[in-house]
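The values are calculated or read from the model by the stated rules, or taken from the named source; none is laboratory data. Remember, it's a predicted structure, so these values are computed and weren't measured experimentally. So basically every Cβ, Gly included, is an ideal-geometry build from the backbone, and we count neighbours across all protein chains shown.
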Amino acid sequence: MLRSLYRTPEGLVRTDLSPEAFATVLREPHALLWLDLDGEPLEVCEPILRQAFGFHPLAVDDALQESHVPKIDDWDTYLYVVLHAVTLDQADRVALDTLELDLFLGANYLVTHRTQTVAAVDRLWATCQRDARHLKKGSTHLLYVLADELVADYMPVVEGFDE
């Protein structure tokens, strides 16, 4: 699923942007675009990441291939970040599953890419749709809140090991 949240410079939030509009709205420094690519095929993601956003081909290749350790790469005008979410198998309460979340952070955008559902992303997305204050505070704040949500999801897993 490809979805976008766009906060205009006037403070309006739009969810109906087409991929063709991404390059245009990125030129607006006082706006914020959050693009979430959830399980989209490579042929959909790659042109958007390379052409609309202008990300380096190596960063795009990294994002579209799974199994990276958490990291941060500084590409001068943006950061490429790999984080991991964790879930505990509810059936046996022992098996641990990690879910990779690839992010691109720029001055006025955040791009999230994942191949599986990451609950923290979906929770923050829903929060931003109800209340645009996180979007108003900019892309770095949005990444901070998302990372905080991911870390909060670690606690039930750790507590599950204690039981």
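Limited to region 28-52, what total is found for residues that are over 18 Å from LEU135 (Cβ atoms), over 13 Å from the mean Cα position of the chain (by Cα), at pLDDT 95 or above and not in a helix (DSSP H, G or I)?
Number satisfying all stated conditions: 0.
Looking at region 5-17, I want the residues that are farther than 10 Å from LEU32 by Cβ and have a partner that is of a type in the set (A, V, I, L, M, F, W, C) with Cβ atoms under 7 Å, at least 6 apart or on another chain. Which pairs are those?
Final answer for the pair search is THR15/LEU5; LEU17/VAL25.
Please verify whether GLN116 is out of contact with any strand residue (DSSP E or B) (no Cβ under 6 Å at 6 or more places or on another chain) and either modelled with pLDDT under 95 or more than 23 Å from PRO70 (Cα to Cα) (or both), treating the condition exactly as stated.
For GLN116, the condition - out of contact with any strand residue (DSSP E or B) (no Cβ under 6 Å at 6 or more places or on another chain) and either modelled with pLDDT under 95 or more than 23 Å from PRO70 (Cα to Cα) (or both) - is not met.
Identify, by number, the condition in (1) among the aliphatic types (A, V, I, L, M); (2) in contact with a His (Cβ under 6 Å, 6 or more places away or on another chain); (3) part of a helix (DSSP H, G or I) that ALA120 doesn't meet.
Here ALA120 clears every test but (2).
Just to be sure, is LEU12 of a type outside the set (S, T, N, Q), surrounded by 15 or more Cβ atoms within 10 Å (Cβ to Cβ) and out of contact with any Gly (no Cβ under 6 Å at 6 or more places or on another chain)?
Spelling it out, it is not the case that LEU12 is of a type outside the set (S, T, N, Q), surrounded by 15 or more Cβ atoms within 10 Å (Cβ to Cβ) and out of contact with any Gly (no Cβ under 6 Å at 6 or more places or on another chain).
Test ASP92 against the criterion of being farther than 23 Å from LEU142 by Cβ, at pLDDT below 90, surrounded by 11 or more Cβ atoms within 10 Å (Cβ to Cβ) and not aromatic (Phe, Trp, Tyr), and give yes or no.
Answer is no for this residue.
For the condition touching a Leu at 6+ places or on another chain (Cβ under 9 Å) and either over 25 Å from THR77 (Cβ atoms) or loosely packed, with under 14 Cβ neighbours inside 10 Å (or both), what is the one hit in VAL157, VAL145, VAL121, VAL151?
From the options VAL157, VAL145, VAL121, VAL151, the qualifying one is VAL157.
Within 18 Å of VAL145 (Cα to Cα), among the β-branched types (Val, Ile, Thr) and either outside any loop (DSSP other than H, G, I, E, B) or touching a strand residue (DSSP E or B) at 6+ places or on another chain (Cβ under 9 Å) (or both) - does that describe any residue in region 93-102?
No: region 93-102 contains no residue that is within 18 Å of VAL145 (Cα to Cα), among the β-branched types (Val, Ile, Thr) and either outside any loop (DSSP other than H, G, I, E, B) or touching a strand residue (DSSP E or B) at 6+ places or on another chain (Cβ under 9 Å) (or both).
Given the structure, is VAL158 hydrophobic (A, V, I, L, M, F, W, C) and either under 26 Å from VAL60 (Cα atoms) or in contact with a helix residue (DSSP H, G or I) (Cβ under 7 Å, 6 or more places away or on another chain) (or both)?
no
Can you tell which of ALA31, ALA63 is of a type in the set (A, V, I, L, M), closer than 25 Å to THR8 by Cα, touching a strand residue (DSSP E or B) at 6+ places or on another chain (Cβ under 9 Å) and surrounded by 19 or more Cβ atoms within 10 Å (Cβ to Cβ)?
Selected residue: ALA31, the only one of ALA31, ALA63 that is of a type in the set (A, V, I, L, M), closer than 25 Å to THR8 by Cα, touching a strand residue (DSSP E or B) at 6+ places or on another chain (Cβ under 9 Å) and surrounded by 19 or more Cβ atoms within 10 Å (Cβ to Cβ).
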